[in-house]
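Trainee: Take a look at this one; I'll ask things after.
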Amino acid sequence: MFKKIIKGSRKHSKSDSTDASSRPPRSGNTGSDLNPHLVVNHASRPGQGAPPSTNSSSPMVPPPMSAVEPLPLLRDTPVSERQNLFMRKLQICCFLFDFTDVLKSAREKEIKRQTLLELVDYIQSGSGKITEICQEEMIKMVGINIFRSLPPASHENTGQGASDPEEEEPYLDPTWPHLQIVYELLLRYVVSSDTDTKVAKKYIDHSFILKLLDLFDSEDPREREFLKTILHRIYGKFMVHRPFIRKAINNIFYRFIYETERHSGTGELLEILGSIINGFALPMKEEHKLFLVRALIPLHKPKPIAMYHQQLSYCIIQFVEKDYKLADTVIRGLLKYWPLTNCQKEVLFLGELEEVLEATQSAEFQRCMVPLFRQIARCLNSLHFQVAERALFLWNNEHIVNLIALNRQVILPIIFEALERNIHGHWNQAVHGLTMNVRKMFMEMDADLFDECQREFAEKEARAQEVEEQREMTWKKLADVAAERGDNMVTV
C-alpha cells in the first residue's frame, strides 16, 4: 500500500512539471513572474545573451551607450523597431554637458538637441503610441535633465544682504537651449490625448511633482513660465494629484512668508492658483477658505510683494466674487498686514482694497467699516502724496460711494478731521483739490450731518487750543521759577 502511494506521488509530480513546461511564456520573460522562493540559475537558460527580438511588443531597455552618436530617424525606421530606437534616443538625451563653454562637446550637444527635437515631434504628431516602459524611461530622462541644483541667487554669490528683486537683472541659464526642448517634450507628453493618466501617474507621481515645484525657485523667467504651464496641465489632467499639489504649494508659501521672504516663482504659482480658484465649486469647501486665511492673506506680509501683487490680488478677488461673505475676512486681513512705513506698498494695498470693496455687499461692509475708515483716514493725511491721492480716489468709485452714503452717519465723523486737516495743511495741491471734492460730496450728501461734524470739529480744536495754551502757560511759569532760582545760585 505504501509503495502505491509513493508511485502515485511520483506520477503526480511528473505531470505537474509537464504542465508547467507546456505553458506559454509571459511577455518579457522576466524573473518577476516566478515564485520568489525559487532560486533560478539564469546562466543555464539557452540564448541568455541574445538580443531581444525587435518584433516584441514590449521592448527591453537597451544597454547604456558609452558615447553620443547619431541614430537613424524614427520616421525612416520600420514600425516594429521604432520603440527600441525611441529608447536608444532617450539614452542619448540622458547625457549632460557643460554649457558654460560653448565650444566644448559642440558636436555631441547638437546631436542631443536634434534628438530632443525629433522626440518632441514624435510625441506631438502621435505617429505611434509609445509603450509603458518607453514612458517610464522618458520621464526618467526628463528628470535627469531638469532636476538639478539651482545656482545660488545673486545676493548669495556676493555675500551681501538681499537687494530689491525688482532691481536685479534676470538670470538666464546657459543650459536653456536643451532645457527648453526637454520641457517642451514633457508638456507635449502631458497634454497628448494618447497619454493614459492611469499609466502616466505611476511616473508623474508625488515625488516628481515636488521636484517640479522646487524648480519654481529658478531665477530664469523662461524656465518658470514653462513650469507654470506644465504644472497647470498636470493639475488639470491628473485629478488624483490635485489635493497634493494644492498642499505642496501651501507649504512653499508658508516657508516664503515665515522663513525666507524670498522665492522667485511666487507670481507663477499664484497664476496657477488663480485659475484653480476660478474653478472652485460652490458652496466653497472649508479647506479652500482656510487656504485663503492661512496662505493668501499672509502673503501681503513679505516686503517684495510688488513682485507678485497683481497675481495675489486676482486670487483674493476671485474668492470674494465667488463668496461675498468672505469680504469682511479679506478686508480685516488687509488691515492686519497694512504697511506702516512702506508707502509704495500702501498704494498697492489701497488699489486692492478698492477692488475688494467693489465686490462687497452692504452687510459685510458694515461689519468692518469702522476699522477700515480709521485706516483710510490715516492714509488721507499721509505726507506721501501718492498714498493720500490713492485713498481719495476711492470716492471716484460709484459702488463705494453708495456704500459710504448708506453708512454716512458712522463714516463721516471718522474721516471728517482728516479731510479738514488736508484742506488746512497738506502740502500737495492735487491732494488739496481732491479733498475739497470729497468734502463737497459729503456736504451735498447730508448737510445737517456735515454741519454737526464741523461743529464738533471746531469744539475739539478749541479744546485742543485751550489745552495748548495751558501747557505753554505752565512751561512759562516753570521757566520763570527756574530763572529766579538761577539768579540766587552762587556759581563756583
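Trainee: So what is the diffusion coefficient of the stretch 256-397 in µm² per second by Stokes-Einstein at 25 °C and 0.890 mPa s, using a Kirkwood Rh over Cα pairs? Spell out each step's value before the answer.
Mentor: On the way: Rh = 15.6 Å.
It diffuses with D of about 157 µm²/s by this estimate.
Trainee: Related question: For the full complex of protein chains and a 1.4 angstrom probe, list LEU340, LEU186 by accessible area with the highest value first.
Mentor: Correct descending sequence by accessible area is LEU340, LEU186.
Trainee: Tell me the per residue accessible area of the stretch 198-329 using a 1.4 Å probe; a whole number in Å² is fine.
Mentor: 45 Å²
Trainee: Please compute the net charge surrounding ILE111, taking Lys and Arg as +1 and Asp and Glu as -1 over other residues with Cβ under 13 Å from its Cβ.
Mentor: +2
Trainee: On alpha-carbon atoms, Rg over Rh for the stretch 175-308 using Kirkwood Rh?
Mentor: Ratio of gyration radius to Kirkwood radius for the stretch 175-308: 0.97.
Trainee: Another question, if that's okay. Karplus couplings for the stretch 305-319 from phi (6.51 cos²θ - 1.76 cosθ + 1.60, θ = phi - 60°), rounded to Hz, Gly and Pro as x?
Mentor: The phi angles translate into 4, 4, 5, 9, 5, 4, 5, 5, 4, 4, 4, 4, 5, 4, 4 Hz.
Trainee: Using the Cα centre as the reference, give the magnitude of the dipole from point charges on the C-beta atoms of the stretch 309-381 (Lys, Arg: +1; Asp, Glu: -1; all else neutral), rounded to the nearest 20 debye.
Mentor: Once rounded to the nearest 20, the dipole reads 340 debye.
Trainee: Using a 1.4 Å probe, what is the accessible area per residue for the stretch 363-482, in Å²? Mind dumping the intermediate values first?
Mentor: Values: 6920 Å² over 120 residues.
Normalised by residue count, the accessible surface of the stretch 363-482 is 58 Å².
Trainee: While we're looking at this one, here's another question. Roughly to the nearest percent, how much of the accessible area of the stretch 175-329 is carbon and sulfur, given a 1.4 Å probe?
Mentor: 51 percent
Trainee: Quick one: which of 78-84, 115-121, 474-480 comes out on top by average Cβ neighbours within 10 Å, and what's the full order, highest first?
Mentor: Listed from highest to lowest mean packing, they are 115-121, 78-84, 474-480.
Trainee: Can I ask one more? Give me the lysines in straight-line cross-link reach of LYS336: C-alpha distance below 26 Å, same-chain residues under 8 apart excluded.
Mentor: LYS247, LYS285, LYS289, LYS301, LYS303, LYS322, LYS325, LYS345
Trainee: What do you reckon, how do ARG246, ARG367, ARG188 stack up by accessible area (1.4 Å probe), largest on top?
Mentor: ARG367, ARG188, ARG246
Trainee: Rounded to the nearest Å, what's the spacing between the alpha carbon centres of the stretch 246-322 and the stretch 408-442? Just the number, please.
Mentor: Using only Cα atoms, the two centres lie 35 Å from each other.
Trainee: Continuing with this model, one more query. Express in Å², to the nearest 10, the accessible area of GLU444 obtained by rolling a 1.4 Å probe over the protein heavy atoms while all chains stay in place.
Mentor: Roughly 140 Å² of GLU444 is accessible to a 1.4 Å probe.
Trainee: Here's a follow-up. Using each residue's phi in the stretch 452-457, evaluate 6.51 cos²θ - 1.76 cosθ + 1.60 at θ = phi - 60° and report the 3J(HN,Hα) Karplus result to the nearest Hz, with x for Gly and Pro.
Mentor: These are the phi-based 3J(HN,Hα) values: 5, 5, 5, 5, 5, 5 Hz.
Trainee: Express the Stokes-Einstein translational diffusion coefficient of the stretch 264-317 in µm² s⁻¹, to the nearest whole number, given a Kirkwood radius over alpha-carbon pairs, 4 °C and a viscosity of 1.567 mPa s.
Mentor: The estimated diffusion coefficient comes to 112 µm²/s.
Trainee: In addition: Each residue of the stretch 428-445 in order: what ³J(HN,Hα) in whole Hz does its phi give by Karplus 6.51 cos²θ - 1.76 cosθ + 1.60, θ = phi - 60°, with x for Gly and Pro?
Mentor: So the Karplus estimates, Gly and Pro as x, are 8, 5, 5, 5, 4, x, 5, 5, 4, 5, 5, 4, 5, 4, 5, 5, 6, 5 Hz.
The values are calculated or read from the model by the stated rules, or taken from the named source; none is laboratory data. Just so you know, these numbers come straight off a predicted model, no measurement behind them. A quick note on method: Cβ atoms are made from the backbone with ideal geometry, for glycine too, and the neighbour counts reach across all protein chains shown. Protein only, heavy atoms only, side chains kept; ligands, DNA and RNA dropped before computing areas. Shrake-Rupley method; radii C 1.70, N 1.55, O 1.52, S 1.80 Å.
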